[in-house]
Amino acid sequence: MSGQGLTIAQAAKSLGVSTRTVRRFIKSGKIRAEMVAGPFGQEYRIFELPPDLHKATPLDNTPVQTPVQVMDIVRELQEKNLALAAQLGAATERIRNLESQVKLLKAAHQPWWKRLFARQR
């Protein structure tokens, strides 16, 4: 850190958080900051960042897979895809059948007075 301390933006970049978060940390007392005269008026300067506020960098725990393992996974996914496509086709056909049955039921239903006058003609 320089002798002048860090600005809020520099502290945010160092901690891996937003400037709003740094301001909240200052307000809550997690970070000590002093007001100093800046080019546009008073501004905060941070002379020490607590080590517990640094964001932990996630470790890459992705297992390394061989090309044979990758091909096995791809093959398994293709089989699942085919099974789901077959289920989708059966469900689509069932929906079409039910829709046609509903249309037949709607078409056969007429008010009683239409049925009455239709027979007398």
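Which members of the stretch 1-12 meet the condition of being surrounded by fewer than 16 Cβ atoms within 10 Å (Cβ to Cβ) and modelled with pLDDT under 90?
MET1, SER2, GLY3, GLN4
Take the stretch 42-53 and flag every residue that is at pLDDT 90 or above and either on the phi > 0 side of the Ramachandran plot or buried (at least 17 other Cβ atoms within 10 Å of the Cβ) (or both).
Listed by number, the residues that qualify are TYR44, ARG45, ILE46.
Would you confirm whether or not the stretch 56-69 contains a residue that is surrounded by 10 or more Cβ atoms within 10 Å (Cβ to Cβ) and modelled with pLDDT under 90? Full working, then the answer.
From the stretch 56-69, those surrounded by 10 or more Cβ atoms within 10 Å (Cβ to Cβ) are 65, 69; that's our starting set.
This time we only want the ones that are modelled with pLDDT under 90, so: 65, 69.
Checked the stretch 56-69: at least one residue is surrounded by 10 or more Cβ atoms within 10 Å (Cβ to Cβ) and modelled with pLDDT under 90.
The values are calculated or read from the model by the stated rules, or taken from the named source; none is laboratory data. These numbers come from a predicted model, not from an experiment. Methodologically, a virtual Cβ is constructed for each residue, glycine included, from the backbone with ideal geometry; neighbour enumeration extends over all protein chains shown.
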